[in-house]
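Below: the structure, in structure tokens.
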Amino acid sequence: MATSAQIQASSRGTPGRWLRWVLAWLPRGRSLSEDVWRVRHRTLLWLLRAHVLGVLLFGLIVGRGLAESLEGAGIVAVFAVLASTDPHRRRFVSGMTAVGLVTSSAVLVGLSGGVIEMHFHFFVMVGILTLYQDWLPFLCAIGFVVLHHGVLGTLDPTAVYDHSDAINNPFKWALIHGGFVLAASAASVVAWRLNEEQAFRDALTRLPNRALFQDRVEHALARAGRHPVALAVLFVDLDGFKGVNDSLGHGAGDELLRVVAERLRACVRPADTVARLGGDEFAILLEDITAQEDATRVAQRIIDAVAVPFHIGGHDTTVTASVGVAFNRSDDTVDELLRNADVAMYAVKDSGRARYKLFAVEMHSAVVSRVELEHQIRVACDLEQFAVLYQPIISLETGRLAGLEALVRWQHPTRGLLAPADFIDVAVKTGAIVPIGRWVLDTACQRARQWHDRHPSVPFTISVNLSPVQVFQTDMVETVRGALDRWGLAPDGLVLELTEEVMIKDADTAARRLEELKELGVQLAIDDFGTGYSSLNYLRHLPVGILKIDKSFVDGLTAGPTESAFGKLIIDFAHTLGLRTVAEGVEQLEQAVALRRLGCHLAQGYLFAKPLAATDVDAFIDATGPEQIWTFAESPDPAIHHRL
């Protein structure tokens, strides 16, 4: 049994707990965005202005005379003018509107001679003022009612009431009317609370949304400023969520997000805040932590929890979580702390995903550099700072020029000529790859037409790389057809090179798009074959005619029997499917001989030529002519002979 001291302590604590509960339940206030507040303020302001005319007409109708009616209307008009001043003084103008509306109630009660029914105007106005969702105008209205009924009703009851009981017992009737006001306000306050709940809660997961999360971080930082404590913000992004959405549908994606929200809540303490920021991004606020390990343990717990397979829509599926962690510093603002966690999360994305990282200052520098690069790429598109180089492709059967591959470069104004590895990933993420790719295609077709006209006896193809983003553009086929028609290039003279990623992104759409391109008459090639994650079954059903063997397999041809076996396997596989093969990155004569012996058809690399500027291609073709320029003969030495 509890001791008497425990019971007394419990009873002493109960009022405090109830008070804290009531305060926690009440609306917070000032939750409206600026745009919504302005719309509501204009509406209430027009209502106040209408009361100026309404008071005047009411006074005349009840026979109060023009002077008294004008006096009452004038009092309301003063507040209407004050409420119409600078809307940036949000609390002032809303307060003036509130006082003006309840003043109009008091004036109407006075003009009516205290008719009891006229008091209901107070109840309506107080309820309407909760539209501001701000305690200042609401309490101004309540305070006015208290003064009007409690003070004026006591000092001059006849100015407020028109019946004897109220005049003889003004305190009793002040309480009665106060009860009516509170009762009428209660429903409005509940609606206000529900509106705030909707404004600050994510509709799907019922977690706090971005606005509420930022508010809680702001309060946590303020407390940390008064009483130094450590806190951490974790940004969580789901890896692979888009694939679930695309393959199983948005309903399954929503269910996945709800389950993830439950798992995240289970990873933290009741006092911690888990929020959904939007899409597949979540955030967590950890307060009163004693060491960094407290936050990193939570981060790892989240990663482990999310990695457990989900059973969604009758399917088992998996996603992973990338987590960025940032700790508060003495001078951090809310935006800086959230930005730091976001930066750390993106650092995880760039380094492999499904792990966590703590924010470090150098991460911010890297993100700033990336943002600057994104901006510079957009500018480069506008200023046409890109260039196209052309690398010869040689036939291993005839030793003659068989084609040219168009390779984009960025002539950066300060960093010089940049290779694709320095900017293509960013171009893909920003969408700049689409206009860049369109320009490269058009430029390559134009150049190819010019070279064919100048060297009609040297037939060759022009190869252009397409990113998966370009392939899935709805106007891709029309873009290719337009370039061919514009420059009069034969379709079979154009080779479009695609990576294996296009097959795993959306195999069905990719197959349809490639079939449409094939119908134009262009040739299709899979670039860097063997380095991706595609299914060989996909490849068997795609209308490609060429496989390009990645340099890593070419290097293995002279590294030993085990390494060379992979290159031989790819070439044999291509032969089985009736595909032509192009070896990339050929730098040694021995590699060329080995490729020819294995039946590889074409090769490109520094052994033959580095990528050439457009002005150097003519010189290259003139120097070689239509004659055989390379021979790859095996002799007992074994010597390899070539001629340029």
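Structure above, values below:
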item: Solvent-accessible ranking of F327, F386, largest area first, probe 1.4 Å; result: F327, F386
item: Between the stretch 593-626 and the stretch 421-472, the Cα center-to-center distance that results, in Å; result: 19 Å
item: Net lengthening on full extension, I176/H311 (0.36 nm per residue, minus Cα-Cα); result: 42.8 nm
item: Calculated FRET efficiency for the pair R512/A623, C-beta based, R₀ 30 Å, to 0.05; result: 0.10
item: R415-R258 pseudo-label distance in nm [points 7 Å out on the Cα-to-Cβ vector]; result: 4.6 nm
item: FRET efficiency for H375 and E397, using Cβ-Cβ distance with R0 set to 41 Å, rounded to 0.05; result: 0.30
item: For the stretch 400-474, the spread of Cα positions along each principal axis, largest first, Å; result: 42, 35, 19
item: Per residue, in Å², the accessible surface of the stretch 356-502 once ligands and nucleic acids are set aside, probe 1.4 Å; result: 45 Å²
item: Per-peptide average of other Cβ atoms within 10 Å, ordering 596-607, 469-480 highest first; result: 596-607, 469-480
item: Ordering of 449-462, 122-135 by packing [mean C-beta count within 10 Å, highest first]; result: 122-135, 449-462
item: Added length on full extension, which subtracts the Cα-Cα distance from 0.36 nm per residue, H88 to D616; result: 183.6 nm
item: Label-point separation in nm, L520 to L577, each point 7 Å along Cα→Cβ; result: 2.1 nm
item: Accessible-area order (highest first, 1.4 angstrom probe) of the listed residues D332, D86; result: D86, D332
item: Nearest-0.05 FRET efficiency for E218 and V78, computed from C-beta distance (R0 45 Å); result: 0.75
item: Long pairs among K518/K568; K349/K518; K568/K610, criterion Cα-Cα beyond 30 Å; result: K349/K518
item: The stretch 368-518: C-alpha gyration tensor shape, a/c 1.5 cut-off, then a/b vs b/c; result: oblate
item: Reduced Cα scattering model of the stretch 252-308, Debye log10 I(q)/I(0), q = 0.17, 0.20, 0.22, 0.31 Å⁻¹; result: -0.55, -0.74, -0.88, -1.43
item: Extended-chain gain in nm, criterion 0.36 nm per residue less alpha-carbon gap, E501 and S351; result: 52.1 nm
item: Sorted largest first, extent of the stretch 281-409 alpha carbons per principal axis (Å); result: 73, 46, 26
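The values are calculated or read from the model by the stated rules, or taken from the named source; none is laboratory data. Keep in mind that what you see is a predicted model, and the values were worked out from it rather than measured. Cβ: placed from backbone, ideal geometry, glycine included. Neighbour counts: every protein chain shown. Protein only, heavy atoms only, side chains kept; ligands, DNA and RNA dropped before computing areas. Shrake-Rupley method; radii C 1.70, N 1.55, O 1.52, S 1.80 Å.
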